[in-house]
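**Q** Below is a structure I'd like to ask you about.
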Amino acid sequence: QLQASGGGSVQAGDSLTLSCTASGRTSSLDVMAWFRQAPGKERNFVSHIRWTGGRTYYADSVKGRFTISRDVAKSTVYLHMNSLKPEDTAVYYCAVRTTTANDYNYWGQGTLVTVSS
């Protein structure tokens with residue numbers, strides 16, 4: 001299971017940190033990621049982090065503003081969002097790909113981030 005939290009309403013230029021905690025068979029974690037879905041649009045990739053080694057990857061739209069990190073002991077991934085823009089408004093979902101899966105196979109419930117200008 002994945003439990004995401006940290007969403008809220010902020011002003012453009014503000015910062016916000018999302019967190020997502022995995023429970024259950026955390027020993028099989030391979031990649032944890034964040035996706036987002038803006039109103040009326042499809043869900044898009046934001047960032048991911050490899051559970052072993054911590055290698056990260058970002059969508060171009062957030063590169064330089066967002067930072068993904070993890071706390072292995074807490075089985076938690078964070079998304080630190082800086083310089084937020086109105087176009088960052090979306091429901092943010094965390095996702096997990098386990099070591100035996102070819103794609104993300106567990107999803108959190110989503111947390112809403114609203115950025116006003």
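The numbers here are math on the coordinates, done by the rules we state, and not lab data. Note that the structure is predicted; figures quoted are calculated from it, not measured. Note: ideal-geometry Cβ built from the backbone for every residue, glycine included; neighbour counts use all protein chains shown.
**Q** Counting Lys +1, Arg +1, Asp -1, Glu -1, what net charge surrounds residue 47 among other residues with beta carbon under 13 Å of its beta carbon? Provide the component values of the computation, followed by the final result.
**A** Values: positive: 36, 50, 55, 63, 65, 70; negative: 60, 88.
Within the 13 Å Cβ shell, the charges total +4.
**Q** With no solvent and one point on each alpha carbon, what is the Debye value of log10 I(q)/I(0) for the range 33-79 at q = 0.13, 0.16, 0.29 Å⁻¹?
**A** So the normalised log intensities are -0.31, -0.46, -1.08.
**Q** What residue among 85, 41, 74 has the largest mean-square fluctuation in a Gaussian network model of the chain, using Cα springs under 10 Å?
**A** 41
**Q** Now a separate question. log10 I(q)/I(0), Debye, Cα-only the chain, no solvent, q = 0.09, 0.13, 0.23 Å⁻¹?
**A** The computed values of log10 I(q)/I(0) come out as -0.21, -0.44, -1.34.
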